[in-house]
Amino acid sequence: MASYRTTDFQSVEAGATDKMFVIRAVNSYLASVFAWRHRRWRLASNLTWSIGSRPQPEVRGTQRPAPFSRFTGRFIGHGGDVKMASETCLKRFQVQFGSTQEGKSRMIVSRRTFLASAAAAGVVVVGGSASRRSSAAQAAADATEIRTSNHLDADLHLFLNRDELAIAEDVALEINRPKKHPHPVLVADRPWEGERAQAWGSVIVEPDGLLRMWYFAFNTERKPDELDRGGYAYAESRDGIHWEKPDLGVVEFRGSKRNNLFYTCAPDGKNLVDEELARRNIGLPAISEDGKVLGVVNNLDGLTVVRDDDDPDPMRRYKLIANMQDHRMWAYAYPDKYPHVTKEAEQQARAIIGQYLDVSPDGIHWTRKPRRISHGAGGDYMMVQRDHRNRRWWLNERSAKGTGGRNAALRVGTNWTDWSEPEITFDNGAESEFGKRFEWHGGMTPFNYGNVNLGLLEKWPNVGFGATCELIWQPEGGPWKRVAPGVPFLDVGPEEAFDRLLAYPTHNAPIRIGDTLHIFYTGGGVKTNPKQGIPMSIGLATLRLDRFAGLGNWRSRRVGTVVTRPVTATHPHLDVNVELLEATPLQVAVVDADGTPLPGFGFDECQMNYDPRQVYTRVRWKQHTDLASLQGQPIRLSFRVATALLYSYRFSPT
């Protein structure tokens, strides 16, 4: 595992701002890290070089300049080369730009120029206007706790997978709803954001543990003098609760780039809402699959950002995928908004819609030359998720086929260009009266978990209220299934809650931090302003590790019995994820095909030191401290469940 260090980099001075400058400046910085003493230091060596016919600028560190503004960020480098080819040498730093009192013979590199040059050089610089919280305790915690969104684990078995169970008697499968943070963790509170922050976007965790969020800030009122409010925004956090909105210096808002907007469809780089861009018939070039310009795109829906570590090109490390449109295609539905759009222009705009891809070395600086990767099967809703098990991507969208209304469908692809035909996973059947009572919003967030796949399926009510999510699962190679049909996993909140009407997740797998899963979601509340849409903000729900659903028995007349089908003991230790409801111990045995315990592995010989503070409990027997004598063999596990919830078990090497 790479180790990380936080260091103050006082200033950068140069007369050249190209790739060579950035590489040499950063190399000089890396070489001088250990020369720092008491926050007043100079570079160990000053570098001077020639670039073409230019004069020889000086690159060096200085004492703290005055005045200064603070910018926090990251370099990603590999060995002595400053590039993103590997994440094994990740350095945290603080850069303070300002003016010196040493005259005007040298130019202080502006933050914007430095970022642009860094991106061009393959140096990743990400960060914000305020210093990121840092402490020895936080650093130690980050180094020891697991942080990941990849939950692939062939040794983990969830009890919601009925295919692996031979017997499940006197137990019922219970959904374990996550615990919600009482307040939104991110709201729209900046002038350029509008009044709504919604997670039609993604949260990813970086190798150093940093959480990064790309989200949609929405100005629903669209006042004529506020058509530059709302857009595509970025935030970052260490704990998932406290989020910072750094000044990225990318998108211009009212004459300044000091904001956290990371993308705009306006050709001049200024922030402007999709409707106004469409009325002006402008946007980014819409590039077809074969490289031809089809027209323009000025709206992104279903925004997803992923980190693609399989791409050998560091300048394509991050992918932005969205359903992109020329918003003039909606002129038929909103004639008052587009009074001058002709039928011909509307039809031309409709030919542009599809799933488009843009790329970036750092998730902040994008080419803004989106290329279509799929025409889109139907509708404008989509998201992309990684299938780690098969080293491919899932693309979720709606299908134009089926019984009608909103449904959920999946494509799969490996190279971002060739995708399978969409397969409907959830359609509107008799249960919903074929869409009369409810539909599937189209959102289906699939992810690998243990030895199966899980997902969150967005439900759209047409009767009653409450846009919720059900838990779904899939055995590898099998069909997708609802774990508990009709029972929400991610539910709406009570009266006066910010998520009273809607709770839809971000476009990513749950993020594990330690032994807790973090699920970020859009919460929609009650509308109180008739001129605006329903208020939205981003919430957080947490769940103890692997506890999505469990087989429960409480105050039953009989003890529950759960017996697995033959499963290979891949490692010597057996750990069980159980929640005891009335302190009655769980009993585990290894049994033969007839259910008879193997010698030394019976129920009465089972020993478990249950601690409710721990997620997993190690199973031992009086004569066997582990399964070493059975390792590599197919075994059957039998569980006696009395007043308990049985979530999962796993074989562990240590």
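Computed from the coordinates by the stated procedures, all read-outs in this text should not be read as laboratory data. Predicted model only: the values in this text are computed from it and were never measured. Glycine gets a Cβ as well: all are built from the backbone with ideal geometry, and neighbour counts include every protein chain shown.
Numbers at a glance
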{"read-out": "Stretchable slack from N609 to K401, in nm (0.36 nm times residue separation minus alpha-carbon distance)", "value": "69.5 nm"}
{"read-out": "D (Stokes-Einstein, µm²/s), Kirkwood Cα radius, region 267-412, 1.567 mPa s at 4 °C", "value": "80"}
{"read-out": "Segment K527-T584, length gained on full extension (0.36 nm per residue, minus Cα span)", "value": "15.8 nm"}
{"read-out": "Packing-based ranking, highest mean first, of 530-538, 500-508, 591-599 given that Cβ atoms within 10 Å are counted", "value": "500-508, 530-538, 591-599"}
{"read-out": "Dipole moment magnitude, nearest 20 debye, region 593-635 about Cα centre, only Lys, Arg, Asp, Glu C-beta charged", "value": "200"}
{"read-out": "Separation of the N415 and S629 label points, Cα + 7 Å toward Cβ, nm", "value": "5.4"}
{"read-out": "Inter-label distance for E496 and R618, nm, one decimal - labels placed 7 Å from Cα along Cα-to-Cβ", "value": "4.8"}
{"read-out": "FRET efficiency for Q347 and K179, using Cβ-Cβ distance with R0 set to 45 Å, rounded to 0.05", "value": "0.35"}
{"read-out": "Residues E346, E169, sorted so that the one with the fewest Cβ neighbours within 10 Å comes first", "value": "E169, E346"}
{"read-out": "Separation in nanometres of the label points that stand 7 Å from Cα toward Cβ, at I241 and L598", "value": "4.5"}
{"read-out": "Cross-link pairs K179/K401; K223/K527; K401/K459; K179/K481 - those with Cα-Cα distance over 27 Å", "value": "K179/K401"}
{"read-out": "Among 547-557, 611-621, the order from most to least packed when residues are scored by Cβ within 10 Å on average", "value": "547-557, 611-621"}
{"read-out": "Dipole magnitude of region 554-652, debye to nearest 20 (Cβ charges: Lys/Arg +1, Asp/Glu -1, about Cα centre)", "value": "220"}
{"read-out": "Farthest toward positive dipole pole in region 256-368 [+1 Lys/Arg, -1 Asp/Glu at C-beta], among S288, I321, P267", "value": "P267"}
{"read-out": "Sequence ranges 147-160, 329-342, ranked by mean other-Cβ count within 10 angstrom, highest first", "value": "147-160, 329-342"}
{"read-out": "Alpha-carbon centroid distance for the pair region 587-654 / region 303-379, whole angstrom", "value": "52"}
{"read-out": "17 Å tail of the calculated P(r), region 554-652, as % of Cα pairs", "value": "47"}
{"read-out": "Set of aspartates and glutamates with alpha-carbon distance to K369 below 16 Å, sequence-local pairs under 8 removed", "value": "D268, E289, D290, D326, D358"}
{"read-out": "More than 18 angstrom apart: percent of Cα pairs within region 323-388", "value": "50"}
{"read-out": "Ranked E344, E397, E276, E145, criterion: other C-beta atoms within 10 Å, fewest first", "value": "E344, E145, E276, E397"}
